[in-house]
Amino acid sequence: MTDFLRVTVRNRVGWIEYDRPPVNAFHWEMLREVPEALQRHLSDPAVRVVVFASALDDHFSVGADLRVFTDMDDEGVRRWVEVCHDLVRRMRTSPKPLLAAVHGTAVGGGLEMVLHCDVRFAAGTARLGQPEIGIGFIPPVGATQALARLLGRPGALRLLYDGTLLSAEQAQAIGLVDVVVAAERLREEVQGYAEGLARKPARALAAIRRCITEGVDLPFEEGLAIEREEAVALGATADFREGLAAFLGRRPPVWSD
């Protein structure tokens, strides 16, 4: 059971929608529900793709409920960050594709979770940013590392130094989001893209995700070693044989899963 999330499955696409009105501000209970919901989808063989979204049209998430920190000591901050980092690790090691559907405002920790998704969709009305500098803090949900990899060092520094909000179009221009669509079509567009992924061979999707996500942090030769391992493993699968036969036979493939 979740009190602050809507966790649903539709046509092999698992949705995790933040649902703590009015602005989806995270407190301890809500923060702990996210990795539990993610694990539920990752463990469900009927779910092929996972989407992070919001049940509220005006706010994706404003990140942490700052009232949580007012009486928090150093050990409390450490525990908060460790829970956040555990979620980051779980997202980055997911064998299933992770998508983001951003309605409204996505700032702070709300935006940070988006950064660890594979493809980020945003409504044209969305506003995104990392304003932590305004309270003398840094984004603690892996954003310092994710942003450097997404935007490069100068782009990441500028975004965090400025702490300003970007429009969806500005965010797309710098690579913070990948696709911008009309707000009323956002869920439909993401669902359609996710269903397309769900029709592809799961083992190959997982291999692609691992090669890219892990390999980008490694020296080139070590990344090649991961690629070699995954390619050899895929070569022994029934889906690879089916893919070859279907291509050569000029027919659609029928995947085992």
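The values are calculated or read from the model by the stated rules, or taken from the named source; none is laboratory data. Everything numeric in this text was worked out from a predicted model, so none of it was measured. Note: ideal-geometry Cβ built from the backbone for every residue, glycine included; neighbour counts use all protein chains shown. Note: accessible area is taken over every heavy atom of the protein model, side chains too, but ligands, DNA and RNA are not part of it. Shrake-Rupley method; radii C 1.70, N 1.55, O 1.52, S 1.80 Å.
Summary table below
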read-out: Cα-based convex hull volume of region 149-254 per residue, rounded to whole Å³; value: 144
read-out: Within region 44-139: Cβ-based charge dipole about Cα centre, in debye rounded to nearest 20 (Lys, Arg +1; Asp, Glu -1); value: 480
read-out: Charged-residue dipole, Cβ positions (Lys, Arg, Asp, Glu), the chain about Cα centre, Debye nearest 20; value: 920
read-out: Full-extension gain in nm, D162 to D74, via 0.36 nm per residue minus C-alpha separation; value: 29.1 nm
read-out: Distance from region 86-117 to region 1-74 (C-alpha centre basis), Å; value: 10
read-out: Exposure ranking of L42, L248 by accessible area [1.4 Å probe, largest first]; value: L248, L42
read-out: Degrees between helix 143-162 axis and first principal axis of the chain (Cα, 0 to 90, nearest 10); value: 30
read-out: For region 3-120, accessible area per residue (1.4 Å probe, heavy atoms of protein chains only), Å²; value: 42
read-out: Cα centre as origin, Lys/Arg/Asp/Glu Cβ charges: region 159-254 dipole, Debye; value: 640
read-out: The chain, relative contact order [Cα under 8 Å, separation at least 6], %; value: 16
read-out: Crossing angle, helix 28-43 versus the chain [Cα axis fit, 0-90 degrees, rounded to tens]; value: 0
read-out: Reciprocal mean inverse distance between Cα atoms of the chain - Kirkwood radius, Å; value: 19.2
read-out: Listed residues G243, C211, Q170: farthest to the positive end of the dipole of region 120-254 (Cβ charges); value: G243
read-out: Solvent-accessible area, 1.4 Å probe, carbon plus sulfur percent, for region 68-166; value: 54
read-out: Accessible surface of region 1-61, 1.4 Å probe, proportion on carbon and sulfur as whole %; value: 49
read-out: Relative contact order (%) - region 1-114, alpha-carbon pairs under 8 angstrom, separation at least six; value: 31
read-out: Helix-only CD estimate at 222 nm, as mean residue ellipticity for the chain, using -39500 (n - 2.57) per DSSP H run (n ≥ 4); value: -15500 deg cm²/dmol
read-out: Cubic angstrom per residue, convex hull over Cα atoms of region 1-116; value: 94
read-out: Surrounding net charge for C117, when Lys and Arg each add one and Asp and Glu each subtract one, Cβ distance under 12 Å; value: +1
read-out: Between 0 and 90°, nearest 10: helix 186-198 axis offset from the chain longest Cα axis; value: 30
